[in-house]
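Worksheet: one structure, shown below.
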Amino acid sequence: MLIRLAGVPRSFLLFFIALWAIGIVLSIGWRNDPVGRSFSFTLVLASTAVLLWATLLAPIFVPRLIWRANSAARRPTSVRIAVDGITVEQAVASSMFTWASVVLAIEGKRAFVFHVSPAVLSTPILVPKRALQPEDIGPAGDLIRAHAPQYSKR
C-alpha cells in the first residue's frame, strides 16, 4: 500500500513507480549504452532519480522554496477558529471561511490542517499546535470535530 506523501498526489507516485519499472524492464538486454553493455545504468539511474525526487525530495524542498521565494507566506498571520468558521487575518487582508466551505479537517500530532473547497482556496490552512496555548488545544479539537463536515485525527 502506498502512503500519501505531503503534496504528492497518489497518481503521480503510481506514474513514477511505473516509469521506474519500465526503465528497469527496458534496460535489461537493451543495448543503448555507448560502451555496448547489455544493461543500461543510465536509464535505470535516470528513472531512479525521477522516482526519488517525486517521492522523497520534492515534498521536502518545494515548500521550502515557496517559503523563501514568497514574502507573503512569511507575513505574520493570525487564525481564529470559532463556531461560525475559520478567520485568517494578515496585515493586508483577511478571509472568513464558513464550516460549509471546509472539505476536510485533519488533526495531526503537531498541527490542524483545513482543506477548504478548491473553488474558494487552492492551498490548505495549516495551524501549528505550538501556536496555541496548551489548554486551548483540546477545546479547539472538540470545536473542529463538532463543526467540520469531514474530520480525521491522525
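The values are calculated or read from the model by the stated rules, or taken from the named source; none is laboratory data. Computed from a predicted model, the values in this text were never measured in an experiment. Positions of Cβ are backbone-derived with ideal geometry, glycine not excepted, and every protein chain shown enters the neighbour counts.
Scanning segment 58-93 for residues that are of a type in the set (Val, Ile, Thr) and more than 17 Å from the chain's Cα centre (by Cα) gives Thr77, Val79, Ile81, Val83, Ile86, Thr87, Val88, Val92. Would segment 114-134 turn up any residue that is among the β-branched types (Val, Ile, Thr), assigned to a strand (DSSP E or B) and either closer than 29 Å to Phe15 by Cα or touching a Pro at 6+ places or on another chain (Cβ under 6 Å) (or both)? Within segment 114-134 (the criterion being among the β-branched types (Val, Ile, Thr), assigned to a strand (DSSP E or B) and either closer than 29 Å to Phe15 by Cα or touching a Pro at 6+ places or on another chain (Cβ under 6 Å) (or both)), the answer is yes, since at least one residue qualifies.
Being at pLDDT below 90, surrounded by fewer than 13 Cβ atoms within 10 Å (Cβ to Cβ), outside the structural domain of Trp53 (by TED's automatic domain parsing) and touching a strand residue (DSSP E or B) at 6+ places or on another chain (Cβ under 8 Å) holds for only one residue in Pro124, Pro128, and it is Pro128. Can you confirm whether Phe39 is among the aromatic types (Phe, Trp, Tyr) and modelled with pLDDT under 75? Against the criterion (among the aromatic types (Phe, Trp, Tyr) and modelled with pLDDT under 75), Phe39 qualifies. Taking first residues from segment 132-146 that are in the same structural domain as Arg80 (by TED's automatic domain parsing) and partners that are part of a helix (DSSP H, G or I), the Cβ contacts under 8 Å between residues at least 6 apart in sequence or on separate chains come to Leu132/Ala140; Ile137/Lys129. Check segment 86-109 and report whether any residue there is of a type in the set (Asp, Glu) and in contact with a Ser or Thr (Cβ under 8 Å, 6 or more places away or on another chain). Yes, segment 86-109 contains a residue that is of a type in the set (Asp, Glu) and in contact with a Ser or Thr (Cβ under 8 Å, 6 or more places away or on another chain). For Thr87, are the conditions met, namely being modelled with pLDDT of 90 or more, in contact with a strand residue (DSSP E or B) (Cβ under 8 Å, 6 or more places away or on another chain) and polar (S, T, N, Q)? Criteria met by Thr87. None of Thr98, Thr87, Thr55, Thr77 is over 30 Å from Gly138 (Cα atoms) and either surrounded by 14 or more Cβ atoms within 10 Å (Cβ to Cβ) or assigned by TED's automatic domain parsing to the domain that holds Pro139 (or both) except Thr55. Looking across segment 94-113, the residues that are in a strand (DSSP E or B) and within 17 Å of His147 (Cα to Cα) come down to Met96, Phe97, Val102, Val103, Leu104, Ala105, Ile106, Glu107, Phe112, Val113. Taking the criterion of being charged (D, E, K, R) and not in a loop (DSSP other than H, G, I, E, B), the residues of segment 47-81 that qualify are Arg64, Arg68, Arg74, Arg80.
Taken over segment 66-82, the residue count meeting the criterion of being modelled with pLDDT of 80 or more and touching a Lys or Arg at 6+ places or on another chain (Cβ under 9 Å) is 0.
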